1. Can you pull out every residue in the range 6-54 that is without any contact (Cβ under 8 Å) to a residue 12 or more places away in the chain, in a loop (DSSP other than H, G, I, E, B) and of a type outside the set (A, V, I, L, M)?
2. Go through the range 58-105 and count every residue that is out of contact with any Lys or Arg (no Cβ under 6 Å at 6 or more places or on another chain), among the charged types (D, E, K, R) and farther than 12 Å from residue 150 by Cβ.
3. Looking only at the range 79-91, which residues are farther than 20 Å from residue 170 by Cα and exposed (fewer than 12 other Cβ atoms within 10 Å of the Cβ)?
4. Kindly evaluate residue 120 against the criterion of being at pLDDT 95 or above and farther than 13 Å from residue 165 by Cα.
5. Just a yes or no: is a residue in the range 129-138 within 22 Å of the chain's Cα centre (by Cα), within 30 Å of residue 17 (Cβ to Cβ) and not aromatic (Phe, Trp, Tyr)?
6. Among the residues of the range 67-89, write down those that are under 19 Å from the mean Cα position of the chain (by Cα) and touching a residue at least 40 places away in the same chain (Cβ under 8 Å).
7. Is it the case, given these coordinates, that residue 66 is modelled with pLDDT under 95, touching a helix residue (DSSP H, G or I) at 6+ places or on another chain (Cβ under 7 Å) and assigned to a helix (DSSP H, G or I)?
Amino acid sequence: MSCTEIIAGKPFVEQLTHVAKHCKAIISWGSCASYGCVQAAKPNPTRATPVHKVITDKPIIKVPGCPPIAEVMTAVITYILTFEKFPELDRQGRPKMFYSQRIHDKCYRRPHFDAGQFVESFDDEGARKGYCLYKVGCKGPTTYNACSTIRWNEGTSFPIQAGHGCIGCSEDGFWDKGSWYARLSDINAFGVEANADTIGGIAATAVGVGIAAHAAVSAVKRIKGNGSNATTSTSTVETSKAQGE
């Protein structure tokens, strides 16, 4: 929200304070209310301010996203009305049931990330095959939201499925974290703690090691087989000699 916005002759911040006075809690819908969003991007000339920095004496439930997912918005209200309590929140005040996992964790393109198969530029062969969008700026590895599971428009799709990387719109200050197409660095997500930059090399090395191991085992089997045949032949000759004598 903008602290300088005037509605009906009064600053919006005054109206928010008035409305919040008798609220049990406040749900901050979207990234604007939760973090300030693009309006709060540096240098923030309009002094855009998130709700929790104005209202400090009430529980604040943040449901960020630009915009937030409709089913998530509905579910938060339904949960409160059904159980008569607030959902468990993370340290940023977001409902854990929707913001406890990264988009990357449940992304259907994740196997391509693990295999080192990346889109290098939009509309290349990797893009047409549906490879991981990490190298063209996808922020899924650092963005917490339910986009990859609930999706949008009644579960029809989400940005990554449409071919564009996640821009991280549900994270605080995402507008000030560089270009949407700037590649994230030092993402540890392969195996236990391997850097994504080395995944392709690791995958290729693993294949090479597998081929070498297979060749070695095959060679050992051949050697053993040849040795067995030689022993059998020698035994046959010796038996024949003994019978001749």
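The values are calculated or read from the model by the stated rules, or taken from the named source; none is laboratory data. This one's a predicted model, so the numbers in the text were calculated from it and none came from an experiment. Reconstructed Cβ throughout: ideal geometry from the backbone, glycine too, with neighbour counts over all protein chains shown.
1. 9, 21, 22, 43, 44, 45
2. Of the residues in that region, 7 qualify.
3. 81, 82, 83, 84, 85
4. Considered against the rule, which asks whether it is at pLDDT 95 or above and farther than 13 Å from residue 165 by Cα, residue 120 comes out as no.
5. Scanning the range 129-138, I find no residue that is within 22 Å of the chain's Cα centre (by Cα), within 30 Å of residue 17 (Cβ to Cβ) and not aromatic (Phe, Trp, Tyr), so the answer is no.
6. Matches in the range 67-89: 68, 69, 72.
7. No: the conditions fail for residue 66.
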